[in-house]
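Remarks on the structure that follows.
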Amino acid sequence: MIPAGTAQGASTKFLWATINRCDDAGSSIGMRASMPGNGTNQRMYMRFSAQFRNSAGRFVETGSSSRFIRVGTARRRSVQSGYDFEFLPPPVDKNYVFRGTVNFRWTAKKGKRWRVVRTATRTTRPDIEGVQGGSPPGRSDGDCLIQR
């Protein structure tokens, strides 16, 4: 397996995760991520996970994750995809702070099977340019405050 950042054609400019929707429909967040291609026929996958800030101020897993979603082939320069999470609303006068992580996988055909050849993980961060979709369009946050 090739460590993150060393695959041929890999570009960290196109490897990111962000929050592009925060509490628009009640208690929900939307994440968006991008992964670079490398000009090959490799398949690319993303898995989105939500974390919340606990009372000690640390981000911990919520137990909410997508499956690995196939987002395209590595022939393209980069691919963006997204995933939405919905949560129960916080009690009155309380709030939740969420962020996300995205796991990335590139797979290549070896014989008759597809094998993982590269992985990477990114935590959501703000101020990313070129984010598709979002509310408002182009939104890019590192975390999301949901309150009542």
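The numbers here are math on the coordinates, done by the rules we state, and not lab data. As the structure is a computational prediction, the values presented were derived from the model and not from experiment. Cβ: placed from backbone, ideal geometry, glycine included. Neighbour counts: every protein chain shown.
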- Query: If we count other beta carbons within 10 Å of each Cβ, what is the order of V79, V116, fewest first?
  - Reply: V116, V79
- Reach of K94 by Cα under 24 Å, taken over lysines that are not fewer than 8 positions away in the same chain: none
- In nm, to one decimal, how far is the T123 label point from the S55 one, both placed 7 Å along Cα→Cβ? 2.3 nm
- Query: Once Rh is set to the Kirkwood radius over Cα pairs, what Stokes-Einstein translational diffusion coefficient, in µm²/s, holds for the chain at a temperature of 4 °C and a viscosity of 1.567 mPa s?
  - Reply: 81 µm²/s
- Task: Report the relative contact order of the chain, percent, no decimals, based on alpha-carbon pairs under 8 angstrom and at least 6 residues apart.
- Result: 32 percent
